[in-house]
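In what follows, a single structure is set out as structure tokens and then discussed.
Every read-out reported here was derived from the displayed coordinates using simple, explicitly stated rules and does not represent laboratory data. Treat the numbers as computed from the prediction; the structure is a model and nothing was measured. Every residue, glycine among them, receives a Cβ derived from its backbone with ideal geometry; neighbour counts consider all protein chains shown.
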There are 2 protein chains.
Amino acid sequence: MSYNRGEKILNANSINEYMKKCKYEVRGEIYMAAMQRTKEGKEVIYTNVGNPHGLGQQPLTFGRQVMALLMAPFLLDHPNIGNMFPSDAIERAKIYLQHVKGGVGAYSDSKGNPYIRQEIADFITRQSGQPSDPNNIFIGNGASEVARMVLFAMIRDQYDGIMVPIPQYPLYSASIALYGGELVPYYLDEENGWAMDINELQRSLNEARSKGINVRSLVFINPGNPTGQCLTEDNLRDLISFCYDNRLVLCADEVYQENIYSGKPFISSRKVLGSMPEPYKSGLELVSFHTVSKGAHGECGFRGGYMELHNMDPAVVEELYKVASINLCPNVPGQVAVGLMVNPPKPGDVSYPQYKREKDDVIDSLRRRARLITDAFNSLEGVVCQETEGALYSFPKITLPSAFLQAAKSKGKQPDVLYCLELLNETGLSCVPGSGFQQAPDTFHFRTTILPQESRFQDIINRFTSFHKGFMKRYGSSGPKSRL
Amino acid sequence: MSYNRGEKILNANSINEYMKKCKYEVRGEIYMAAMQRTKEGKEVIYTNVGNPHGLGQQPLTFGRQVMALLMAPFLLDHPNIGNMFPSDAIERAKIYLQHVKGGVGAYSDSKGNPYIRQEIADFITRQSGQPSDPNNIFIGNGASEVARMVLFAMIRDQYDGIMVPIPQYPLYSASIALYGGELVPYYLDEENGWAMDINELQRSLNEARSKGINVRSLVFINPGNPTGQCLTEDNLRDLISFCYDNRLVLCADEVYQENIYSGKPFISSRKVLGSMPEPYKSGLELVSFHTVSKGAHGECGFRGGYMELHNMDPAVVEELYKVASINLCPNVPGQVAVGLMVNPPKPGDVSYPQYKREKDDVIDSLRRRARLITDAFNSLEGVVCQETEGALYSFPKITLPSAFLQAAKSKGKQPDVLYCLELLNETGLSCVPGSGFQQAPDTFHFRTTILPQESRFQDIINRFTSFHKGFMKRYGSSGPKSRL
């Protein structure tokens, strides 16, 4: 045979080519460098990923009380239990134990526990005013897992395309690359607060179709990641019409729906669709995603998320069910975490006041931090930052001096990557370069979360400010010519 | 455009073809029929899937105590805590809280928490006498998830093949189909206690290669699923030599390693490899899997499992790391469950006696049930059942009367599927037809778990016995001619 005896069977050249091609920069070069710093005992502030608890956000008490009782149901028989847990947490744990057969240690149905899926359906109905069928809800190990399942279903070959906003969350670019499809980019309008422009959608679609791409679906993220904008009801109507008229499945990534700061509300795609006339209302194939990882819960570690399939062919729901069953079921503690998020304590419940206070505290504090960081960025030379209306990120545009662009070129690095590396080395701040999300040609950005705790926030802003001023001094101010 | 306006964009004909093709019968037709019965208020005993807690197995107390404290760390400050939790559970929870940054609600590293991966590496070293590097360990949402990740990496196109034992656990057939590769079957020798025969491996490999298949890897399951056999050290040496000599990655599915009943021990592939000379010892690319879902823990709902990559190209480890990062991380409670399994209470610890007793009780009871069910099957006309040396299943061969084969044919159903349907309808027992695992041509089997609690076991055996006797009466005994 023609192989080199010392060569591994599996090596970088002999694995699946799509695996090689895909990129995931949220945990890419900068994250690896940050891990290395941590190993060396140097300080790192991980603002690369929306991981609230990782940066000190405390879990909401009620949910964790219920969860503790589900982990150790024998506590329910302990005579002291009433001193340690509020009555409604005990009650809720008993309800779950009744409906989660075998408890959290047993496999559930592959779509997720039916009782919890009913809780989700009820939540969707309260939010949208529209009926929701639990049979069309799939709980996953995070929303990422179910989103990838749908992308897998839609991508048949390299001619199938998915429209994705640029900048985008790299779950989409990475998964589309992994499944061998084509990412069809549409650009958000940065100067206009990252607005979505229907003309740009049409341009993008036309261009892809002219290249022979079968565009099958459009993804949007509301509130935006990394861009932080909230879509208006008009935006959503336009999107729905555009997708229906152009035969696209609409994928609505609504995982940041609780993270709202500017007074502009989150409006669910399901609600807007329900208010539209036929043929849209019963015609648009809509998949929407939500998670327990973001919002006031921020329980990323539980990997609990879901999707609702709406107006979807039942045969497709069955096929997805089959594929979900290969992994048996999503983790059950994560399912319960989702249930607790969509069906929290209500006014009048013993735990309601504490729940409400904790939840408001989280969101109010994030609102203040969003304001602080946007203002800080905008006060600096060469930095322009759109308002963070929602989500967990700030995504400033940086105008890089031409001397720095030269330096990056000579080092063979993308300028925004090099900027983030210098930032990390000098300050310990671990951000994600804009290129990891894709960005308009010849623009540079980076993403930072707004998650460091408020007590540390001013220090972080000071570090960044001091770094950036030194950076501009080192490489010289950006004149009109040096702004690529 | 040429589409029918009323046609869905996504329908059974317009999704990914591999998704359509793949099958997963553990939750297939019989399971669906069982769910329907449950909905109608009829009794179902779900013996289709190895779900111990779903059938009444109780969680081991120590692990759940630690888990409860991790869910609600504020309990650690409660003055009553020492009355409700043993000191070593409190201590262990504190250790995890120190090493799991942000607690169970925070994302971990994408391979899993480093402290827990070190616990796993230490376990592998104790078991095999060989060093293990935590950087080569990936924790997943169950072993299924990481197994699928490796299969994805190995399958480049429809000419890449994976050798899989027949009968097999359909995770493998389903995933290989989903990723567009070729399943290369090798048959286990039923009459010989489902032994693995090296001549059969060679036949299978030759046949595949003669068809132009690039055979890249061989999967084995030890103890076997659905077949229950334990491999000997000689078997394992042969397997290792065979794989190395033929340039195959060896995938060792060892998730049932704690489920051992017959006196034949479980021997880990890592241990045997470590005892072999070069070039095998440092040459064989080995991937081994373990889980918290089986064994004495049986914590399926946590979806905690891991793989260790051994002798693998570091570039491949990096590529897998990148792909793992797209889903951010495996669920953290599941990671902790794995840590608790591989690093349980030790002799001298406060909780050790209870832990040991509970663990032994589970395995001893399963041993009795394995014996009972094998003997019951073997006492029936037309049923032959190999001994369940390990795992959670019994996989009897049934010789079906020719009248029944005719009846199945006229109904357009596979005979084993129809048999299981009749069994379900008459007794409420939900088993999986042998065709779901694949089986030698013209043989018929079904798989049942040995998981129903002992108090119910005799009743279940009685139901089956009475069903099968009635069945044989209805369709007539199997003469030599009617045995296909």
Among B:68-78, A:391-401, how do they line up from the highest to the lowest mean number of other beta-carbon atoms within 10 Å?
A:391-401, B:68-78
From the label point of A:ASN378, set 7 Å along Cα to the beta carbon, how far off in nm is each other copy's matching point, shortest first?
8.1
Cross-link reach list, lysines versus A:LYS8, counting only Cα pairs under 18 Å and skipping chain neighbours closer than eight places
A:LYS20, B:LYS281
Hey, what's the per residue convex hull volume over the C-alpha atoms of segment B:229-313, in cubic angstrom?
93 Å³
Per chain B, sqrt(5λ) over the Cα gyration tensor eigenvalues, sorted largest first, in Å, gives 36, 29, 24
Between segment A:198-236 and segment A:314-359, what's the alpha-carbon centroid distance in Å?
29 Å
Mind putting together the pair-distance distribution for segment A:53-106? All Cα pairs, 5 Å bins, whole percent per bin, short to long.
4, 19, 29, 21, 13, 9, 4, 0
Which whole number gives the average count of other chain Cβ atoms within 10 Å of the Cβ atoms across peptide A:139-152?
3
Burial-style ranking of B:441-452, B:9-20, B:202-213, B:315-326, average other-beta-carbon count within 10 Å with highest first, yields B:441-452, B:315-326, B:9-20, B:202-213
Any idea what log10 I(q)/I(0) is at q = 0.04 Å⁻¹ for the protein assembly as shown, Debye with uniform C-alpha scatterers and no solvent?
-0.19
Between the alpha carbon centres of segment A:107-129 and segment B:97-126 the gap in Å comes to 31 Å
Let me confirm one metric for peptide B:48-58, namely the mean number of other chain beta-carbon atoms within 10 Å of its residues' beta-carbons.
4
Please report the antiparallel percentage of the DSSP beta bridges confined to the protein assembly as shown, to the nearest 5.
50 percent
Here, A:ASN135 and A:VAL350, labelled 7 Å along Cα→Cβ, have an inter-label distance in nm of 3.9 nm
For segment A:235-386, compute Rh as the Kirkwood radius over C-alpha pairs and then the Stokes-Einstein diffusion coefficient at 20 °C and 1.002 mPa s; write the answer in µm²/s, rounded to an integer.
117 µm²/s
In degrees, nearest ten, helix B:332-342 long axis to first principal axis of chain B (Cα)
90 degrees
Short version: ³J(HN,Hα) in whole Hz for each residue of segment B:199-212, in order, from phi by Karplus 6.51 cos²θ - 1.76 cosθ + 1.60 (θ = phi - 60°), x for Gly and Pro, what are they?
5, 5, 4, 5, 4, 5, 4, 4, 4, 5, 5, 5, 8, x
Calculate the mean, over all residues of peptide B:65-78, of how many other protein chain Cβ atoms lie within 10 angstrom of the residue's Cβ.
6
Rg(Cα) / (2.2 N^0.38 Å) computed for segment B:8-163, rounded to two decimals
1.46
Each label sits 7 Å from Cα toward the beta-carbon; between B:GLU278 and B:ILE81 the label points are separated, in nm, by 5.2 nm
For segment B:101-176, the Cα-Cα pair-distance distribution in 5 Å bins from 0, as whole percents, is 3, 13, 17, 17, 16, 17, 11, 4, 1, 0
Compute the FRET efficiency between B:GLN458 and B:SER241 as 1/(1 + (r/R0)^6), taking r as their Cβ-Cβ distance and R0 = 41 Å, and round to the nearest 0.05.
0.35
FRET efficiency for B:ILE95 and B:ARG474, Cβ-Cβ distance as r, R0 = 41 Å, nearest 0.05?
0.10
Label spacing, shortest first and in nm, from B:ASN199 to its equivalents in the remaining copies (7 angstrom along Cα→Cβ)
7.8
Span from the segment A:1-50 Cα centroid across to the segment A:405-484 one, whole angstrom:
22 Å
Just subtract the alpha-carbon distance of A:GLN406 and A:THR125 from 0.36 nm times their residue separation and send over the number in nm, one decimal.
95.7 nm
Can you tell me what the convex hull of the Cα atoms of segment B:335-484 projects to on average, as an area in nm²?
11.2 nm²
Ranked by how many other beta carbons lie within 10 Å on average, peptides B:53-65, A:120-132, B:416-428 from highest:
B:53-65, B:416-428, A:120-132
Using a 7 Å Cα-to-Cβ projection, B:PRO353 label spacings across copies, nm, ascending:
4.6
What FRET efficiency comes out for the pair B:ARG203/B:ALA12, r = Cβ-Cβ distance, R0 = 25 Å, nearest 0.05?
0.10
